[in-house]
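Worksheet for the structure shown next.
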Amino acid sequence: MTERSCLSIILAAGEGTRMKSARPKVLHEIAGLAMVAHVAAAAKAAGGGDVALVVGHGGDEVRKAAARLDPAPEIFVQEERLGTAHAVLAARAAIARGHDDILVMFGDTPLIEADVLLYARRKLAGGAAVVVVGFRPQNPAGYGRLIEKDGRLVAIREHKDASEAERKIGFCNGGLMAIGGSHALALLDAVGNANANQEFYLTDIVEIAAARGLDVVAVEASAESVLGINNRAELAEAEGIWQRRRRREAMLAGVTLIAPETVHFSHDTQIGQDTLVEPNVWFGPGVRIAAGATIHAFSHIEGATIATGSQVGPFARLRPGADLHEKAKVGNFCEVKKATVEKGAKVNHLTYIGDARVGEGANIGAGTVTCNYDGYSKFHTDIGAGAFVGSNSSLVAPVSLGDGAYVASGSVITEDVEADALAFGRARQKQIPGKARELRERFAAAAAAKKKAG
Ligand code: UD1
Ligand code: CA
(Lines give C-alpha, C1' and ligand atoms only; values in the text may rest on other atoms or scores of the structure.)
(Ligands and ions follow the chains in the order given, each with its own letter.)
Protein backbone atom coordinates (compact mmCIF):
# COMPACT_ATOMS: atom_id res chain seq x y z
CA MET A 1 0.00 0.00 0.00
CA THR A 2 2.70 2.45 0.97
CA GLU A 3 4.11 2.45 -2.54
CA ARG A 4 0.87 3.94 -3.91
CA SER A 5 0.81 7.74 -3.75
CA CYS A 6 -2.33 9.36 -2.44
CA LEU A 7 -3.92 12.80 -2.61
CA SER A 8 -6.66 13.76 -0.20
CA ILE A 9 -9.09 16.42 -1.32
CA ILE A 10 -11.06 17.96 1.50
CA LEU A 11 -14.10 19.99 0.50
CA ALA A 12 -14.73 22.92 2.79
CA ALA A 13 -16.54 25.42 0.64
CA GLY A 14 -19.75 24.92 2.60
CA GLU A 15 -21.75 27.89 3.75
CA GLY A 16 -22.53 26.51 7.17
CA THR A 17 -25.22 29.09 7.87
CA ARG A 18 -27.10 26.65 10.04
CA MET A 19 -24.28 26.78 12.59
CA LYS A 20 -25.44 30.36 13.32
CA SER A 21 -21.86 31.41 13.77
CA ALA A 22 -19.33 34.03 12.75
CA ARG A 23 -16.86 31.17 12.47
CA PRO A 24 -16.68 29.00 9.33
CA LYS A 25 -18.31 25.62 9.89
CA VAL A 26 -15.23 23.47 9.41
CA LEU A 27 -13.35 25.43 12.09
CA HIS A 28 -15.82 24.47 14.79
CA GLU A 29 -14.07 22.10 17.12
CA ILE A 30 -14.44 18.59 18.36
CA ALA A 31 -12.31 17.80 21.41
CA GLY A 32 -10.65 21.17 20.94
CA LEU A 33 -9.56 20.54 17.35
CA ALA A 34 -11.15 22.01 14.22
CA MET A 35 -13.31 19.55 12.29
CA VAL A 36 -11.20 20.01 9.17
CA ALA A 37 -8.09 19.09 11.18
CA HIS A 38 -9.75 15.86 12.29
CA VAL A 39 -10.42 15.01 8.66
CA ALA A 40 -6.84 15.85 7.68
CA ALA A 41 -5.53 13.68 10.52
CA ALA A 42 -7.59 10.70 9.35
CA ALA A 43 -6.32 11.26 5.81
CA LYS A 44 -2.74 11.39 7.02
CA ALA A 45 -3.17 8.21 9.05
CA ALA A 46 -4.46 6.51 5.91
CA GLY A 47 -1.40 7.60 3.94
CA GLY A 48 -3.21 10.46 2.22
CA GLY A 49 -1.27 13.23 3.92
CA ASP A 50 -0.82 15.09 0.66
CA VAL A 51 -3.85 17.33 1.13
CA ALA A 52 -5.70 19.70 -1.17
CA LEU A 53 -8.19 21.83 0.71
CA VAL A 54 -10.99 23.43 -1.29
CA VAL A 55 -12.31 26.58 0.36
CA GLY A 56 -15.06 28.91 -0.71
CA HIS A 57 -14.92 32.49 -1.72
CA GLY A 58 -13.53 34.51 1.18
CA GLY A 59 -12.27 31.44 3.01
CA ASP A 60 -9.43 33.39 4.62
CA GLU A 61 -10.05 32.11 8.12
CA VAL A 62 -10.07 28.51 6.97
CA ARG A 63 -6.93 29.17 4.97
CA LYS A 64 -5.15 30.60 8.02
CA ALA A 65 -6.17 27.72 10.24
CA ALA A 66 -5.16 25.22 7.57
CA ALA A 67 -1.67 26.70 7.35
CA ARG A 68 -1.07 25.44 10.89
CA LEU A 69 -1.85 21.83 9.98
CA ASP A 70 0.98 19.37 9.60
CA PRO A 71 1.58 18.99 6.72
CA ALA A 72 0.00 22.24 5.55
CA PRO A 73 -2.50 21.55 2.77
CA GLU A 74 -2.44 23.15 -0.63
CA ILE A 75 -5.39 25.55 -0.84
CA PHE A 76 -7.76 25.80 -3.79
CA VAL A 77 -10.66 28.19 -4.08
CA GLN A 78 -14.05 27.25 -5.44
CA GLU A 79 -15.34 30.69 -6.34
CA GLU A 80 -18.91 29.60 -6.99
CA ARG A 81 -20.65 26.78 -5.18
CA LEU A 82 -21.73 24.71 -8.17
CA GLY A 83 -21.66 21.25 -6.61
CA THR A 84 -19.35 18.64 -5.18
CA ALA A 85 -17.80 17.58 -8.51
CA HIS A 86 -17.16 21.21 -9.33
CA ALA A 87 -15.54 21.62 -5.90
CA VAL A 88 -13.25 18.64 -6.48
CA LEU A 89 -12.25 20.08 -9.85
CA ALA A 90 -11.13 23.27 -8.13
CA ALA A 91 -8.15 21.13 -7.15
CA ARG A 92 -7.55 20.14 -10.77
CA ALA A 93 -3.90 21.15 -10.65
CA ALA A 94 -3.28 18.78 -7.75
CA ILE A 95 -5.21 15.94 -9.37
CA ALA A 96 -3.28 16.45 -12.60
CA ARG A 97 -0.06 15.62 -10.77
CA GLY A 98 -1.07 12.02 -11.16
CA HIS A 99 -1.39 10.38 -7.76
CA ASP A 100 -2.33 6.71 -7.73
CA ASP A 101 -5.20 7.22 -5.29
CA ILE A 102 -7.48 10.16 -4.66
CA LEU A 103 -9.58 10.42 -1.53
CA VAL A 104 -12.42 12.91 -1.49
CA MET A 105 -13.62 13.92 1.96
CA PHE A 106 -15.91 16.56 3.42
CA GLY A 107 -14.54 19.02 5.97
CA ASP A 108 -17.78 18.77 7.92
CA THR A 109 -17.61 14.99 8.34
CA PRO A 110 -15.04 14.84 11.12
CA LEU A 111 -15.47 11.36 12.57
CA ILE A 112 -14.17 9.48 9.59
CA GLU A 113 -11.59 6.91 10.60
CA ALA A 114 -8.39 5.94 8.85
CA ASP A 115 -9.47 2.27 8.67
CA VAL A 116 -12.30 3.01 6.24
CA LEU A 117 -10.06 5.16 4.09
CA LEU A 118 -7.41 2.47 4.01
CA TYR A 119 -9.99 -0.12 3.12
CA ALA A 120 -11.19 2.06 0.23
CA ARG A 121 -7.61 2.54 -0.92
CA ARG A 122 -7.10 -1.21 -0.87
CA LYS A 123 -10.05 -1.56 -3.22
CA LEU A 124 -8.39 0.90 -5.60
CA ALA A 125 -5.20 -1.10 -5.38
CA GLY A 126 -7.30 -4.15 -6.30
CA GLY A 127 -8.42 -2.50 -9.53
CA ALA A 128 -11.53 -0.47 -8.67
CA ALA A 129 -11.82 2.89 -10.42
CA VAL A 130 -14.27 4.37 -7.90
CA VAL A 131 -14.96 3.33 -4.32
CA VAL A 132 -17.97 4.76 -2.53
CA VAL A 133 -18.26 4.71 1.25
CA GLY A 134 -21.86 3.82 1.99
CA PHE A 135 -23.80 3.57 5.23
CA ARG A 136 -27.28 2.73 6.44
CA PRO A 137 -28.79 5.71 8.21
CA GLN A 138 -31.88 5.36 10.39
CA ASN A 139 -33.57 7.87 8.14
CA PRO A 140 -32.23 7.90 4.58
CA ALA A 141 -34.13 11.04 3.53
CA GLY A 142 -31.78 13.63 2.07
CA TYR A 143 -28.94 11.26 1.25
CA GLY A 144 -27.84 9.96 -2.10
CA ARG A 145 -29.01 6.34 -2.62
CA LEU A 146 -26.66 3.64 -3.84
CA ILE A 147 -28.30 1.98 -6.83
CA GLU A 148 -27.12 -1.59 -7.36
CA LYS A 149 -27.80 -3.85 -10.30
CA ASP A 150 -26.91 -7.53 -10.26
CA GLY A 151 -24.93 -6.91 -7.08
CA ARG A 152 -22.91 -4.12 -8.64
CA LEU A 153 -23.03 -0.43 -7.88
CA VAL A 154 -24.21 1.36 -11.00
CA ALA A 155 -25.27 4.83 -9.85
CA ILE A 156 -25.89 7.17 -6.95
CA ARG A 157 -29.18 9.00 -7.06
CA GLU A 158 -29.52 12.15 -4.97
CA HIS A 159 -32.68 12.20 -2.87
CA LYS A 160 -34.25 15.03 -4.86
CA ASP A 161 -33.70 13.20 -8.14
CA ALA A 162 -34.69 9.75 -6.93
CA SER A 163 -37.87 7.88 -7.89
CA GLU A 164 -40.26 6.51 -5.26
CA ALA A 165 -38.72 3.06 -5.66
CA GLU A 166 -35.18 4.41 -5.37
CA ARG A 167 -36.09 6.34 -2.23
CA LYS A 168 -36.90 3.03 -0.54
CA ILE A 169 -33.23 2.05 -0.72
CA GLY A 170 -31.59 2.20 2.73
CA PHE A 171 -27.97 2.00 1.59
CA CYS A 172 -26.77 5.61 1.21
CA ASN A 173 -23.76 7.60 0.18
CA GLY A 174 -21.69 8.69 3.16
CA GLY A 175 -20.02 11.30 0.98
CA LEU A 176 -16.53 9.84 0.95
CA MET A 177 -15.06 8.56 -2.23
CA ALA A 178 -11.85 7.04 -3.40
CA ILE A 179 -11.03 7.50 -7.06
CA GLY A 180 -8.29 5.91 -9.10
CA GLY A 181 -5.95 8.75 -10.02
CA SER A 182 -5.64 7.70 -13.65
CA HIS A 183 -9.43 7.94 -14.12
CA ALA A 184 -10.23 10.95 -11.95
CA LEU A 185 -10.08 13.85 -14.37
CA ALA A 186 -11.79 12.00 -17.22
CA LEU A 187 -14.67 11.03 -14.93
CA LEU A 188 -15.02 14.43 -13.26
CA ASP A 189 -14.94 16.30 -16.57
CA ALA A 190 -17.82 14.17 -17.84
CA VAL A 191 -20.15 15.27 -15.04
CA GLY A 192 -23.02 17.52 -16.10
CA ASN A 193 -25.56 19.47 -14.10
CA ALA A 194 -28.88 18.24 -15.48
CA ASN A 195 -30.51 17.50 -12.14
CA ALA A 196 -32.96 18.98 -9.65
CA ASN A 197 -30.32 21.28 -8.15
CA GLN A 198 -28.52 22.08 -11.39
CA GLU A 199 -25.33 21.18 -9.59
CA PHE A 200 -22.31 19.21 -10.72
CA TYR A 201 -22.63 16.14 -8.52
CA LEU A 202 -19.55 14.19 -7.58
CA THR A 203 -21.85 11.23 -7.16
CA ASP A 204 -22.47 11.14 -10.93
CA ILE A 205 -19.01 9.72 -11.54
CA VAL A 206 -20.35 6.38 -10.36
CA GLU A 207 -22.81 6.09 -13.24
CA ILE A 208 -20.25 7.42 -15.72
CA ALA A 209 -17.61 4.94 -14.59
CA ALA A 210 -20.05 2.03 -14.58
CA ALA A 211 -21.21 2.91 -18.12
CA ARG A 212 -17.59 2.90 -19.25
CA GLY A 213 -17.19 -0.61 -17.89
CA LEU A 214 -14.95 0.47 -15.03
CA ASP A 215 -15.09 -1.28 -11.70
CA VAL A 216 -17.15 0.61 -9.11
CA VAL A 217 -17.38 -0.66 -5.54
CA ALA A 218 -19.27 0.29 -2.40
CA VAL A 219 -17.80 -0.30 1.04
CA GLU A 220 -19.81 0.12 4.20
CA ALA A 221 -19.01 2.36 7.16
CA SER A 222 -20.88 2.96 10.39
CA ALA A 223 -23.40 5.80 10.37
CA GLU A 224 -21.38 7.42 13.17
CA SER A 225 -18.21 7.68 11.15
CA VAL A 226 -19.87 9.55 8.27
CA LEU A 227 -21.95 11.87 10.43
CA GLY A 228 -22.09 15.26 8.70
CA ILE A 229 -22.30 18.36 10.88
CA ASN A 230 -24.73 21.09 9.95
CA ASN A 231 -25.69 22.66 13.27
CA ARG A 232 -24.58 22.84 16.89
CA ALA A 233 -26.76 19.93 17.93
CA GLU A 234 -24.98 17.68 15.45
CA LEU A 235 -21.67 19.14 16.59
CA ALA A 236 -22.45 18.07 20.15
CA GLU A 237 -23.50 14.65 18.90
CA ALA A 238 -20.18 14.26 17.11
CA GLU A 239 -18.34 15.43 20.24
CA GLY A 240 -20.18 12.74 22.21
CA ILE A 241 -19.22 10.03 19.74
CA TRP A 242 -15.62 11.20 19.68
CA GLN A 243 -15.42 11.22 23.48
CA ARG A 244 -16.92 7.76 23.72
CA ARG A 245 -14.36 6.40 21.27
CA ARG A 246 -11.49 8.11 23.10
CA ARG A 247 -12.55 6.92 26.55
CA ARG A 248 -12.77 3.38 25.33
CA GLU A 249 -9.34 3.65 23.75
CA ALA A 250 -7.92 5.02 27.02
CA MET A 251 -9.47 2.22 29.06
CA LEU A 252 -8.25 -0.44 26.65
CA ALA A 253 -4.79 1.11 27.02
CA GLY A 254 -4.87 0.57 30.78
CA VAL A 255 -6.35 3.78 32.17
CA THR A 256 -9.02 3.39 34.84
CA LEU A 257 -12.04 5.64 34.36
CA ILE A 258 -14.56 5.07 37.13
CA ALA A 259 -17.34 6.98 35.39
CA PRO A 260 -16.09 7.26 31.80
CA GLU A 261 -19.06 9.24 30.55
CA THR A 262 -18.09 12.12 32.86
CA VAL A 263 -14.47 12.42 31.75
CA HIS A 264 -13.77 14.82 28.88
CA PHE A 265 -10.64 14.36 26.80
CA SER A 266 -8.93 16.76 24.46
CA HIS A 267 -7.80 15.64 21.02
CA ASP A 268 -4.20 15.44 22.26
CA THR A 269 -4.53 14.14 25.83
CA GLN A 270 -1.81 11.64 26.67
CA ILE A 271 -2.40 9.44 29.65
CA GLY A 272 -0.35 6.55 30.95
CA GLN A 273 -1.21 3.06 32.07
CA ASP A 274 -2.62 2.52 35.56
CA THR A 275 -3.53 6.14 35.94
CA LEU A 276 -6.84 6.50 37.73
CA VAL A 277 -9.27 9.20 36.70
CA GLU A 278 -12.17 9.79 39.04
CA PRO A 279 -15.52 11.17 37.84
CA ASN A 280 -16.04 14.63 36.37
CA VAL A 281 -12.61 15.52 35.11
CA TRP A 282 -11.94 17.92 32.22
CA PHE A 283 -8.80 17.72 30.11
CA GLY A 284 -8.13 20.78 27.98
CA PRO A 285 -5.40 20.78 25.32
CA GLY A 286 -1.79 19.87 25.98
CA VAL A 287 -2.08 17.45 28.90
CA ARG A 288 0.47 14.70 29.41
CA ILE A 289 0.01 12.29 32.27
CA ALA A 290 2.49 9.52 33.00
CA ALA A 291 1.66 6.07 34.32
CA GLY A 292 0.27 5.54 37.78
CA ALA A 293 -1.03 9.03 38.57
CA THR A 294 -4.34 9.76 40.25
CA ILE A 295 -6.68 12.49 39.09
CA HIS A 296 -9.34 12.98 41.71
CA ALA A 297 -12.87 14.11 40.95
CA PHE A 298 -13.82 17.52 39.55
CA SER A 299 -10.38 18.58 38.38
CA HIS A 300 -9.87 20.92 35.41
CA ILE A 301 -6.54 20.37 33.69
CA GLU A 302 -4.94 21.98 30.63
CA GLY A 303 -1.40 22.39 29.34
CA ALA A 304 -0.06 20.39 32.27
CA THR A 305 2.49 17.63 32.68
CA ILE A 306 1.86 15.15 35.46
CA ALA A 307 4.48 12.58 36.43
CA THR A 308 4.15 9.09 37.85
CA GLY A 309 2.59 8.78 41.26
CA SER A 310 1.32 12.35 41.33
CA GLN A 311 -2.04 13.17 42.81
CA VAL A 312 -4.29 15.94 41.60
CA GLY A 313 -7.52 17.17 43.15
CA PRO A 314 -10.30 16.74 44.01
CA PHE A 315 -11.31 20.16 42.67
CA ALA A 316 -7.86 21.15 41.44
CA ARG A 317 -7.17 23.45 38.54
CA LEU A 318 -3.95 22.95 36.61
CA ARG A 319 -3.32 25.61 34.02
CA PRO A 320 -0.76 25.77 31.19
CA GLY A 321 2.78 25.23 32.35
CA ALA A 322 1.90 23.29 35.47
CA ASP A 323 4.59 20.64 35.75
CA LEU A 324 4.17 18.07 38.47
CA HIS A 325 7.16 15.86 39.08
CA GLU A 326 7.05 12.38 40.54
CA LYS A 327 4.74 11.93 43.53
CA ALA A 328 3.84 15.60 43.70
CA LYS A 329 0.48 16.47 45.21
CA VAL A 330 -1.85 19.29 44.29
CA GLY A 331 -4.95 18.99 46.41
CA ASN A 332 -8.40 20.44 46.74
CA PHE A 333 -9.18 23.98 45.61
CA CYS A 334 -5.64 24.65 44.46
CA GLU A 335 -4.63 26.38 41.24
CA VAL A 336 -1.22 25.88 39.68
CA LYS A 337 -0.06 27.85 36.64
CA LYS A 338 3.35 27.94 34.94
CA ALA A 339 4.97 26.34 37.93
CA THR A 340 6.99 23.26 38.71
CA VAL A 341 6.02 21.22 41.71
CA GLU A 342 9.06 19.06 42.26
CA LYS A 343 9.28 15.51 43.48
CA GLY A 344 7.12 14.76 46.48
CA ALA A 345 6.21 18.42 47.09
CA LYS A 346 2.75 19.08 48.48
CA VAL A 347 0.37 21.87 47.64
CA ASN A 348 -2.65 20.51 49.40
CA HIS A 349 -5.34 23.03 50.16
CA LEU A 350 -6.79 26.30 48.86
CA THR A 351 -3.59 27.60 47.33
CA TYR A 352 -2.48 29.54 44.26
CA ILE A 353 0.94 28.76 42.85
CA GLY A 354 1.77 30.73 39.71
CA ASP A 355 5.12 31.50 38.03
CA ALA A 356 6.96 29.47 40.61
CA ARG A 357 9.09 26.52 41.53
CA VAL A 358 8.16 24.45 44.54
CA GLY A 359 11.26 22.49 45.45
CA GLU A 360 11.47 18.79 46.14
CA GLY A 361 9.61 17.75 49.26
CA ALA A 362 8.46 21.27 50.13
CA ASN A 363 5.13 21.67 51.93
CA ILE A 364 2.86 24.56 51.11
CA GLY A 365 0.25 25.27 53.76
CA ALA A 366 -3.42 25.96 53.19
CA GLY A 367 -4.29 29.31 51.71
CA THR A 368 -0.80 30.17 50.48
CA VAL A 369 -0.70 32.59 47.56
CA THR A 370 2.17 33.44 45.28
CA CYS A 371 1.51 37.12 44.53
CA ASN A 372 2.93 36.97 41.03
CA TYR A 373 1.29 39.95 39.34
CA ASP A 374 1.35 43.67 40.03
CA GLY A 375 -1.19 44.48 37.38
CA TYR A 376 1.52 44.96 34.75
CA SER A 377 4.13 42.21 34.95
CA LYS A 378 4.50 38.67 36.24
CA PHE A 379 7.22 37.75 38.73
CA HIS A 380 8.76 34.49 39.85
CA THR A 381 8.67 32.80 43.23
CA ASP A 382 11.32 30.23 44.01
CA ILE A 383 10.72 27.85 46.89
CA GLY A 384 13.64 25.64 47.86
CA ALA A 385 13.67 21.94 48.56
CA GLY A 386 12.18 20.93 51.89
CA ALA A 387 10.84 24.43 52.60
CA PHE A 388 7.73 24.77 54.73
CA VAL A 389 5.27 27.59 54.14
CA GLY A 390 2.79 28.10 56.98
CA SER A 391 -0.88 28.50 56.17
CA ASN A 392 -2.33 31.71 54.85
CA SER A 393 0.97 33.20 53.75
CA SER A 394 1.48 35.55 50.83
CA LEU A 395 4.74 35.22 48.92
CA VAL A 396 5.18 38.53 47.10
CA ALA A 397 7.21 37.87 43.97
CA PRO A 398 9.93 38.22 42.97
CA VAL A 399 11.01 36.36 46.05
CA SER A 400 12.83 33.19 46.99
CA LEU A 401 12.87 30.84 49.92
CA GLY A 402 16.06 28.86 50.41
CA ASP A 403 16.16 25.11 50.92
CA GLY A 404 14.66 24.16 54.26
CA ALA A 405 13.34 27.67 54.95
CA TYR A 406 10.34 27.93 57.24
CA VAL A 407 7.69 30.63 56.89
CA ALA A 408 5.41 31.31 59.84
CA SER A 409 1.69 31.14 59.18
CA GLY A 410 -0.01 34.30 58.05
CA SER A 411 3.21 35.88 56.81
CA VAL A 412 3.50 38.34 53.98
CA ILE A 413 6.95 37.57 52.62
CA THR A 414 8.45 40.38 50.58
CA GLU A 415 12.15 39.63 51.03
CA ASP A 416 14.19 36.53 50.24
CA VAL A 417 14.49 33.99 53.03
CA GLU A 418 17.80 32.21 53.54
CA ALA A 419 18.12 28.45 53.58
CA ASP A 420 17.06 26.98 56.93
CA ALA A 421 15.96 30.41 58.26
CA LEU A 422 12.64 31.01 60.01
CA ALA A 423 10.79 34.04 58.65
CA PHE A 424 7.90 35.90 60.26
CA GLY A 425 6.19 38.44 58.07
CA ARG A 426 3.41 39.48 60.42
CA ALA A 427 2.79 41.40 63.63
CA ARG A 428 3.87 39.56 66.76
CA GLN A 429 1.10 38.34 69.03
CA LYS A 430 0.64 40.34 72.24
CA GLN A 431 -1.27 39.18 75.32
CA ILE A 432 -2.79 41.34 78.11
CA PRO A 433 -3.82 39.18 81.07
CA GLY A 434 -7.36 39.80 82.38
CA LYS A 435 -8.07 42.41 79.74
CA ALA A 436 -10.88 40.39 78.14
CA ARG A 437 -12.90 40.23 81.35
CA GLU A 438 -12.44 43.94 81.93
CA LEU A 439 -13.72 44.73 78.43
CA ARG A 440 -16.76 42.48 78.82
CA GLU A 441 -17.75 44.16 82.08
CA ARG A 442 -17.34 47.61 80.61
CA PHE A 443 -19.43 46.84 77.51
CA ALA A 444 -22.17 45.14 79.53
CA ALA A 445 -22.47 48.16 81.85
CA ALA A 446 -22.70 50.57 78.93
CA ALA A 447 -25.44 48.50 77.27
CA ALA A 448 -27.45 48.31 80.51
CA ALA A 449 -27.24 52.11 81.05
CA LYS A 450 -28.48 52.70 77.51
CA LYS A 451 -31.45 50.35 77.99
CA LYS A 452 -32.47 52.12 81.23
CA ALA A 453 -32.31 55.57 79.65
CA GLY A 454 -34.30 54.49 76.54
C1 UD1 B 1 -23.69 14.83 -0.32
C2 UD1 B 1 -23.79 13.76 -1.41
C3 UD1 B 1 -24.84 12.74 -1.01
C4 UD1 B 1 -24.47 12.12 0.32
C5 UD1 B 1 -24.27 13.21 1.37
C6 UD1 B 1 -23.70 12.63 2.62
C7 UD1 B 1 -23.29 14.85 -3.54
C8 UD1 B 1 -23.86 15.43 -4.77
N9 UD1 B 1 -24.16 14.40 -2.66
O10 UD1 B 1 -24.95 15.47 -0.28
O11 UD1 B 1 -24.90 11.70 -1.98
O12 UD1 B 1 -25.48 11.22 0.74
O13 UD1 B 1 -23.34 14.20 0.90
O14 UD1 B 1 -23.68 13.58 3.65
O15 UD1 B 1 -22.10 14.79 -3.40
N16 UD1 B 1 -19.31 21.37 -1.14
C17 UD1 B 1 -18.43 22.25 -1.70
N18 UD1 B 1 -18.77 22.92 -2.81
C19 UD1 B 1 -19.96 22.74 -3.42
C20 UD1 B 1 -20.88 21.85 -2.84
C21 UD1 B 1 -20.53 21.17 -1.70
O22 UD1 B 1 -17.31 22.43 -1.17
O23 UD1 B 1 -20.19 23.38 -4.43
C24 UD1 B 1 -18.93 20.64 0.08
C25 UD1 B 1 -19.75 21.05 1.27
O26 UD1 B 1 -19.09 22.03 2.01
C27 UD1 B 1 -19.86 19.78 2.06
C28 UD1 B 1 -19.75 18.69 1.03
O29 UD1 B 1 -19.20 19.28 -0.12
O30 UD1 B 1 -18.76 19.62 2.95
C31 UD1 B 1 -21.10 18.05 0.71
O32 UD1 B 1 -21.97 19.02 0.21
P33 UD1 B 1 -23.47 19.08 0.65
O34 UD1 B 1 -24.13 20.19 -0.07
O35 UD1 B 1 -23.59 19.02 2.11
O36 UD1 B 1 -23.99 17.72 0.01
P37 UD1 B 1 -25.23 16.85 0.47
O38 UD1 B 1 -26.45 17.42 -0.14
O39 UD1 B 1 -25.19 16.65 1.92
CA1 CA C 1 -24.26 17.57 3.78
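Among the residues that make up segment 152-166, is at least one of them open to solvent by 10 Å² or more (accessible area, probe 1.4 Å), within 16 Å of ligand 2 (Cβ to nearest atom), closer than 19 Å to Ile10 by Cβ and not hydrophobic (A, V, I, L, M, F, W, C)?
No, segment 152-166 has no match at all.
I'd like to know if segment 422-433 contains one or more residues that are open to solvent by less than 60 Å² (accessible area, probe 1.4 Å), within 16 Å of Ala362 (Cβ to Cβ) and in a loop (DSSP other than H, G, I, E, B). Full working, then the answer.
Filtering segment 422-433 down to residues open to solvent by less than 60 Å² (accessible area, probe 1.4 Å) leaves 423, 425.
Next cut, within 16 Å of Ala362 (Cβ to Cβ) only: 423.
Now restrict to residues that are in a loop (DSSP other than H, G, I, E, B): none.
No, segment 422-433 contains no residue that is open to solvent by less than 60 Å² (accessible area, probe 1.4 Å), within 16 Å of Ala362 (Cβ to Cβ) and in a loop (DSSP other than H, G, I, E, B).
Checking the condition among the β-branched types (Val, Ile, Thr), under 35 Å from the mean Cα position of the chain (by Cα) and away from ligand 2 (no atom under 16 Å from the Cβ), which residue from Ile147, Ile169, Ile179 passes?
Values: Ile147 fails: under 35 Å from the mean Cα position of the chain (by Cα); Ile169 fails: under 35 Å from the mean Cα position of the chain (by Cα).
After ruling out the rest, the residue left standing is Ile179.
Quick one: which of Ala72, Ala42 is of a type outside the set (Phe, Trp, Tyr) and either under 18 Å from the mean Cα position of the chain (by Cα) or within 16 Å of ligand 2 (Cβ to nearest atom) (or both)? Before you say what the answer is, go through the steps one by one.
Values: Ala72 fails: either under 18 Å from the mean Cα position of the chain (by Cα) or within 16 Å of ligand 2 (Cβ to nearest atom) (or both).
Going through Ala72, Ala42 in turn, the sole match is Ala42.
Restrict the check to segment 100-107 and report whether at least one residue is closer than 24 Å to Glu220 by Cα, open to solvent by 10 Å² or more (accessible area, probe 1.4 Å), in the same structural domain as Asp215 (by TED's automatic domain parsing) and away from ligand 2 (no atom under 16 Å from the Cβ). Talk me through it step by step, then tell me what you get.
Looking only at segment 100-107, we keep the residues that are closer than 24 Å to Glu220 by Cα, and these are 100-107.
From what's left, open to solvent by 10 Å² or more (accessible area, probe 1.4 Å): 100, 106.
Filter once more, keeping what is in the same structural domain as Asp215 (by TED's automatic domain parsing): 100, 106.
Still in the list and also away from ligand 2 (no atom under 16 Å from the Cβ): 100.
Yes, the conditions are met somewhere in segment 100-107.
Could you identify the single residue in Glu29, Glu61 that is of a type in the set (D, E, K, R) and either touching a residue at least 12 places away in the same chain (Cβ under 8 Å) or within 19 Å of Phe200 (Cβ to Cβ) (or both)? Before the answer, list the steps.
On the way: Glu29 fails: either touching a residue at least 12 places away in the same chain (Cβ under 8 Å) or within 19 Å of Phe200 (Cβ to Cβ) (or both).
When all the criteria are applied, what remains is Glu61.
Would a scan of segment 219-231 turn up a residue that is away from ligand 2 (no atom under 16 Å from the Cβ) and part of a helix (DSSP H, G or I)? Lay out the reasoning, then the answer.
Going residue by residue through segment 219-231, those that are away from ligand 2 (no atom under 16 Å from the Cβ) are 219-220, 222.
Add one more test, that the residue is part of a helix (DSSP H, G or I), and what stays is none.
No.
If you take the residues of segment 12-26 that are open to solvent by less than 20 Å² (accessible area, probe 1.4 Å) and not in a loop (DSSP other than H, G, I, E, B), which of them is farthest from Ile241 (Cα to Cα)?
Ala12
Please give the strands (runs of 3 or more DSSP E) falling wholly within segment 111-200 in which 3 or more residues are not hydrophobic (A, V, I, L, M, F, W, C). If you could, list the steps in order and put the result at the bottom.
Working: elements: 130-135, 145-149, 152-157, 172-180.
In segment 111-200, the matching strands (runs of 3 or more DSSP E) lie at 145-149, 172-180.
Of everything in segment 40-77, what is open to solvent by less than 10 Å² (accessible area, probe 1.4 Å) and in a strand (DSSP E or B)? Give them in sequence order.
Ala52, Leu53, Val54, Val55
Would you tally the residues in segment 201-216 being surrounded by 19 or more Cβ atoms within 10 Å (Cβ to Cβ) and not in a loop (DSSP other than H, G, I, E, B)?
Within segment 201-216, the first condition is being surrounded by 19 or more Cβ atoms within 10 Å (Cβ to Cβ), and the residues that meet it are 201-210, 216.
Checking the rest, the ones that are also not in a loop (DSSP other than H, G, I, E, B) come to 204-210, 216.
Total meeting the criteria: 8.
The values are calculated or read from the model by the stated rules, or taken from the named source; none is laboratory data. Since the model is a prediction, treat every value here as computed from it, not as a measurement. Neighbour counts run over all protein chains shown; Cβ positions are idealised from the backbone, glycine included. Protein only, heavy atoms only, side chains kept; ligands, DNA and RNA dropped before computing areas. Shrake-Rupley method; radii C 1.70, N 1.55, O 1.52, S 1.80 Å.
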